[in-house]
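Notes follow once the structure below has been shown.
The values are calculated or read from the model by the stated rules, or taken from the named source; none is laboratory data. It should be emphasised that the depicted structure is a prediction, and the values quoted were computed from it without experimental measurement. All Cβ positions, glycine included, derive from the backbone under ideal geometry; neighbour counts span all protein chains shown.
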Amino acid sequence: MGTTLKEIITNLGGGIPKGSKLKAIQVGGPPAGVLPASLVNLPIDFDELYKAGSLLGSGGMIVMDDKTCMVDMAKYFTTFLEEESCGRCVPCREGVKRMWEVLDGISTGIGKEEDFNILQQLSECLSKASLCDLGKSAPNMVRSTLHHFKEEYQTHIERQVCPVKRCTM
C-alpha cells in the first residue's frame, strides 16, 4: 500500500515495451474500471483509488499501451461480467447483455450518437437496481472508458474507424 502505479509497472512489471506508450491501467478486476496514464503516479491505496474512480478489488492489474482499443476493452470486460452474472435480477442479466450489444455495434461500425445515452442509462439502471455488487459495479468499465477515452468512442461512431485498428469494421 502506498506504492505508486508507476513503481509497480516499472519495477515489478518490467515497464512498457519499447515503441509503446502507457495508455491505461485497470486495477482490481472488471468492476474497477480503468484509469488513464495521466494517473500513473497515483498510490495504491483504497481511498486514493476510490477518489480516482477505481477500486482495489482483487488486486490484479492490467496495463494497456497505446495499441489497446478502449471500446474493445470495455466490450471484452462486459463479456466477462455477462458470464459471471448469476442471472437472478433483470437489471444485471439483461442490462449487461444490452451493454455488450451496444459496444459490439460501436466496435463493428454500426454505432450511433444515441449509443452514448443508452450506455449512460444502462449504467444508471445497473448501478441502482441490481441486487448484488457485481451488477452494481458492472458499468464501471464502460463509465470509466467513456469518461477518459470518449474520443475513441466518437471516432468509432462518427468515422467508423478504430483509432488503433483493433476493431473490425
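Taking the stated definitions as given, is L103 among the aliphatic types (A, V, I, L, M), under 18 Å from V161 (Cα atoms), buried (at least 22 other Cβ atoms within 10 Å of the Cβ) and in contact (Cβ under 8 Å) with a residue 24 or more places away in the chain? Yes.
On the stretch given as the stretch 83-98, residues that are more than 11 Å from G135 (Cβ to Cβ) and modelled with pLDDT of 95 or more total 2. Taken over the stretch 139-169, the criterion of being assigned to a helix (DSSP H, G or I) and among the basic types (K, R) is satisfied by R143, K150, R159.
Among the residues in the stretch 105-112, are any charged (D, E, K, R), more than 15 Å from the chain's Cα centre (by Cα) and not in a helix (DSSP H, G or I)? Lay out the reasoning, then the answer.
As a first pass, look at the stretch 105-112 and keep what is charged (D, E, K, R): 112.
Next cut, more than 15 Å from the chain's Cα centre (by Cα) only: 112.
From the residues that got through so far, the ones that are not in a helix (DSSP H, G or I) too are 112.
For the stretch 105-112, residues charged (D, E, K, R), more than 15 Å from the chain's Cα centre (by Cα) and not in a helix (DSSP H, G or I): present.
When restricted to residues that are surrounded by 22 or more Cβ atoms within 10 Å (Cβ to Cβ) and over 12 Å from the mean Cα position of the chain (by Cα), the stretch 123-151 contains 3. Based on what the data block shows, is C86 closer than 23 Å to G28 by Cα and outside any helix (DSSP H, G or I)? For C86, the condition - closer than 23 Å to G28 by Cα and outside any helix (DSSP H, G or I) - is met.
Screening K51 with (1) outside the structural domain of P30 (by TED's automatic domain parsing); (2) free of Cβ contacts under 8 Å to residues at least 12 places away in the same chain gives one miss only, at (1).
Put simply, of V40, V90 the only residue that is surrounded by 15 or more Cβ atoms within 10 Å (Cβ to Cβ), at negative phi and among the hydrophobic types (A, V, I, L, M, F, W, C) is V40.
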